[in-house]
Amino acid sequence: MLVLNKVTKTYDGEKKAVNQLSLEVAPGEIFGFIGPNGAGKTTTIKMITGLLPPTAGQILINGVDLATSPVAAKRNFTYVPDHPEIFSAIRGIDYLHFLADMYDVSAQTRRVRIEQYTQLFGIYDFLGEIIQSYSHGMKQKLVICGALLPEAPLFILDEPLVGLDPLAAKHLKEIMGKRCAAGGTVFFSSHLLTIVEQICDRIAVINQGELIACDRPERIKNGSNHSLEEIFLELTKDA
Amino acid sequence: MRKFFVLVKFELMDFFSKYQSGSGWGTGRRGKGLVILTLLLLMIPFTQMSIGVYHRFYGLGRPELAVAFMILLTFLLMTLTAIPLIYSLFLYRNDFQYLSALPIPESYLGMAKLSIVWLYLVGINLVLWLPVSILTGLDLGWIDRGLITGFLIGILTPFPPLFFSTLAVLALTLVGVKGRRKNLISTFFGFALLGLVLGTQLFLTSESGVGLIALTEGWSRYYPPTAWMVRLISGSRANIIPLMGLTVGCYWGLQTGAGRLYRIALHQAETNSTLQSFSLFEQPKSKYRQLLRRNLLIIGKQPVFLMNTLLTLVVPGLILLAGFLAGDFTPENLAEGQSQLTLVWVGLASAPALLVNLSVTAITREGKAFWETKVLPVTTWDNLRSRIGTTILINLTASMVMLILALLCFPLTISSVISGLFFVVMLTVFLAHSDLVLNIYRPFLNWSHPAAAIKNNLNVILSLASRPLLTVIPVLTVFCLPGASLSAILFYSGLLLFLLTLLVRKFLQTVMVEKFDQIGG
Ligand SMILES: Nc1ncnc2c1ncn2[C@@H]1O[C@H](COP(=O)(O)OP(=O)(O)OP(=O)(O)O)[C@@H](O)[C@H]1O
Ligand SMILES: [Mg+2]
């Protein structure tokens with residue numbers, strides 16, 4: 001579903017934020033992306049979503065090359081960034097209709113999905129209000145609902161659980177699970193290792209721009225009794 | 001009563017701090033200093049205007065009319081200022097809910113807010129009115145009375161406009177204009193004020209002065225206090241009595257009005273907690289239309305962007321209209337003959353494209369929300385195209401308004417309208433493309449105050465500074481076609497611009513598209 005092939009990103013000509021990163025995410029997987037601050041997670045996600053062009057390497061989404069057919073590739077995913085900075089002088093409902101039009105969601109379908117997702121995250125009643133009046137968490141929920149709306153095959157999230165209340169976090173985890181059960185794929189970065197361990201089919205650990213481990217959680221732990229946290233600290237120690 | 005003054009002081013501090021944070025200069029000491037400095041600087045042109053009024057009427061041999069004119073002008077200015085102010089203090093700020101919990105008589109709450117408006121009006125009034133009053137006093141040989149009587153008049157004359165404005169705001173609430181319309185109200189009255197000031201300037205500078213005298217005399221009849229004030233300044237003290245009577249009447253009316261407004265505001269605050277309804281059903285729109293709409297809304301819904309755009313768009317038109325109404329701009333004294341008239345209207349209609357370089361901030365305006373359209377499944381060219389389209393749409397609308405104004409004011413021939421229109425459209429289209437190149441080269445997305453995105457921005461300055469280069473185009477046309485008529489020159493210049501547009505468009509579609517993709521999210 002998602003293939004990264006020796007992807008490299010260099011900022012300002014010298015600093016390698018991501019170095020020769022290769023990954024493969026299979027359809028139906030929940031894939032966790034972890035690493036210390038500044039490891040290059042956000043940079044990688046920005047390259048996958050087309051926000052930043054890679055310095056070198058290739059990105060395939062559902063078999064489509066992002067560099068050569070960006071529109072076809074972008075139809076296959078939606079993205080929730082690590083900050084909910086959106087154009088906020090419009091109403092929540094306008095934001096959702098805008099996205100629905102952009103992903104060709106029919107009038108009938110969007111009606112059902114908007115209601116379903118916003119009810120679930122408890123922002124349905126506020127859709128008639130200007131987004132500026134939302135709290136940080138409400139904005140985040142709106143962005144998540146917007147990204148769920150097209151039900152694209154790949155769902156990409158950058159630290160989605162930060163700032164959500166426990167109930168919303170629970171719903172999001174459940175939705176990720178449901179998405180995958182229905183054949184969709186989820187790719188997300190996080191610092192919450194217990195959650196990553198609990199819900200992910202596979203995990204990639206990245207440090208200083210390089211992939212240092214990529215496997216099922218139990219295999220990364222390699223039968224040891226240590227928690228993923230301890231393994232993580234061990235893996236990323238000699239930085 | 002002491003509680004009342006505490007309340008007024010509180011409101012005043014609140015008002016001042018809102019003003020300061022709205023100015024974008026921060027909340028520190030320095031910000032405060034800058035705000036005060038700006039206010040002081042703002043006084044200068046008004047004082048000058050006031051002195052100008054006196055000299056104008058003195059020059060016309062009717063110095064007493066300067067007093068009448070100033071009373072009328074300040075009445076209008078104060079009314080137009082007070083309406084949006086009362087509106088925002090009562091219906092937008094909405095601090096009544098917690099103020100109403102304080103142990104203060106209800107009647108104080110509304111009056112305290114109106115006191116702020118009154119103080120504000122007194123400030124404007126004194127700046128405008130005192131110079132005329134003092135000069136008239138000097139003229140009559142008693143500076144002290146010009147000053148003292150002038151001051152007394154200066155603090156009393158705000159009462160009637162305050163009363164009228166309160167009534168106007170009450171009327172607005174009756175027709176359903178509630179707190180959410182603040183931007184609309186302040187924009188509307190902002191323009192009305194601007195129109196008034198520009199119109200006044202034009203009237204004052206108009207040549208004959210006959211219209212000015214007739215107007216002042218005519219309007220004085222509609223507003224009797226004008227006559228009392230003229231007599232008061234020239235020494236007839238008895239005229240203080242009707243003025244006092246009027247003030248007391250207004251004060252009484254204001255108390256009633258403030259009470260009503262207070263109750264409306266409180267009611268609004270309560271009903272506001274009910275959420276707005278919305279519709280889950282919407283006909284799908286095309287992607288390009290949605291992108292265009294988004295770009296238009298970014299301008300339309302951000303007050304700083306909207307005001308900046310409208311002001312630059314409308315000022316040339318307002319000058320023309322006001323000048324025409326004042327009888328100053330007539331086809332005869334503006335130009336000798338059809339070709340100069342054509343140049344005037346083409347200049348006016350080109351002004352939006354030349355002055356309002358919307359494309360140069362088309363990316364910058366999005367700020368931190370820029371990432372949104374970049375992850376969408378639309379081509380980069382569609383993304384850019386929608387930004388160009390937005391600029392063209394806004395600028396051409398303004399140009400059309402200018403054309404209609406010009407057609408109303410001057411007799412233009414069909415051929416000059418057609419060739420001029422072709423030129424204006426091509427110029428607009430060309431600049432909408434070329435300015436965008438600049439913004440792609442220098443995107444600037446990390447602003448926190450919207451004013452930073454469109455003012456003090458090197459891109460804007462660069463784009464404006466490059467405008468004189470455009471003269472190359474008509475000069476080249478004239479050089480290639482010596483002796484051609486103006487219509488022909490306009491037409492061929494337009495054609496040249498069209499060819500240039502094709503070039504820039506190709507450049508945008510190939511090189512700039514890649515450059516745009518590099519702009520980080
Ligand atoms: N726009 C930029 N210009 C230059 N360097 C950058 C830029 N953005 C990120 N970097 C650098 O690239 C590296 C990777 O940053 P990135 O944001 O991808 O980390 P991250 O893994 O998402 O970290 P965090 O857990 O804090 O979100 C960091 O060293 C950072 O300083
Ligand atoms: Mg990050």
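None of the figures in this text is laboratory data; all of them are computed from the coordinates on show. Here the structure is a predicted model, which means the values were calculated and not measured. Every residue, glycine as well, gets a Cβ built from its backbone with ideal geometry; the counts of neighbours run over all protein chains shown.
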Let me spell out the model: positive unit charges on the Cβ of Lys and Arg, negative unit charges on the Cβ of Asp and Glu, origin at the Cα centre of segment B:292-517. What dipole size does that give, in debye rounded to 20?
760 debye
So, by mean Cβ neighbours within 10 angstrom, what's the order for A:33-45, B:406-418, B:118-130 with the highest one leading?
A:33-45, B:118-130, B:406-418
Calculate one ³J(HN,Hα) per residue across segment B:147-152 by plugging θ = phi - 60° into the Karplus curve 6.51 cos²θ - 1.76 cosθ + 1.60, and present them in order as whole Hz with x for glycine and proline.
7, 5, 4, x, 5, 4
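Take every residue in peptide B:295-302, count the Cβ atoms of other chains within 10 Å of its Cβ, and give the average of those counts.
2
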Looking at A:L21, A:L161, A:Q198, which one has the Cα that reaches farthest to the positive end of the dipole of chain A (charges on Cβ: Lys, Arg +1; Asp, Glu -1)?
A:L21
Grab the other residues whose beta carbon is less than 13 angstrom from that of A:H191, score K and R as +1, D and E as -1, and report the net.
-4
Cβ-based charge dipole, segment B:47-270, positive-most Cα from B:V117, B:I51, B:L212
B:V117
Rg [Å, one decimal], Dmax [Å, integer] - segment A:85-151, C-alpha atoms
10.7, 30
5 angstrom amide H check on A:N19, placed H, neighbours 5+ away:
A:K9, A:E210
Cβ-Cβ cut-off under 12 Å around B:F507, Lys and Arg +1, Asp and Glu -1: the net charge is +2
Just to check, using Stokes-Einstein with a Kirkwood Rh over alpha carbon pairs, what's the diffusion coefficient of chain B at 37 °C and 0.692 mPa s in µm²/s?
124 µm²/s
Checking the cross-link filter: which lysines have an alpha carbon closer than 20 Å to that of B:K515, excluding same-chain neighbours under 8 positions apart?
A:K9, A:K46, A:K74, B:K368, B:K374, B:K506
Taking the Cβ-Cβ separation of A:K15 and A:K170 as r and a Förster radius of 56 Å, what is the calculated FRET efficiency to the nearest 0.05?
0.90
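Quote the charge dipole size of the protein assembly as shown about the Cα centre in Debye, to the nearest 20; the model charges only the Cβ of Lys and Arg (+1) and of Asp and Glu (-1).
Charge dipole, the protein assembly as shown, about its Cα centre: 800 debye, nearest 20.
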Theoretical ellipticity at 222 nm over the protein assembly as shown - DSSP helices of four or more residues, -39500 (n - 2.57) apiece, nearest 500:
-21000 deg cm²/dmol
Relative to the longest principal Cα axis of chain B, at what angle does helix B:29-59 sit, 0 to 90 degrees, rounded to 10?
80 degrees
Rounded if a/c is under 1.5, else prolate if a/b beats b/c, else oblate: with a ≥ b ≥ c from the C-alpha gyration tensor eigenvalues square-rooted, which is segment B:105-252?
oblate
Over what distance in Å are the Cα centres of segment B:193-220 and segment B:411-434 separated?
34 Å
At the level of C-alpha centres, the distance separating segment A:6-45 and segment B:102-171, in angstrom, is 67 Å
When a footprinting reagent is the concern and you count Cβ atoms within 10 Å, what order do B:Y223, B:Y262 take, fewest first?
B:Y223, B:Y262
Taking 7 Å along the Cα-to-C-beta vector as the label spot, tell me the A:A107-B:Q340 distance in nanometres, rounded to one decimal.
5.8 nm
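Classify the protein assembly as shown: rounded, prolate or oblate, from the alpha-carbon gyration tensor (a ≥ b ≥ c, eigenvalue square roots; a/c under 1.5 rounded; otherwise prolate if a/b is larger than b/c)?
Judged from the Cα gyration tensor, the protein assembly as shown comes out oblate (a/c at least 1.5, b/c at or above a/b).
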Non-local amide H neighbours of A:A56 (under 5 Å, H modeled in plane, Pro and chain starts lacking H): which ones?
A:T8
Between A:A213 and residues 5 or more places away or on another chain, the pairs with built amide H atoms under 5 Å apart involve A:V205
Residue mean of other protein chain beta carbons inside 10 Å, A:114-126:
1
Could I have the simple spin-label model distance between A:K221 and B:V513, label points 7 Å from Cα toward Cβ, reported in nm to one decimal?
5.0 nm
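Nearest 0.05, what FRET efficiency do B:I240 and B:N183 give at R0 = 35 Å with Cβ-Cβ as r?
Details: r = 42 Å, r/R0 = 1.19.
The pair B:I240/B:N183 has a calculated efficiency of 0.25.
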Karplus-derived 3J(HN,Hα), 6.51/-1.76/1.60, for each residue of segment B:220-234, Hz, glycine and proline x
4, 5, 6, 10, x, x, 3, 5, 4, 5, 4, 5, 4, 5, 8
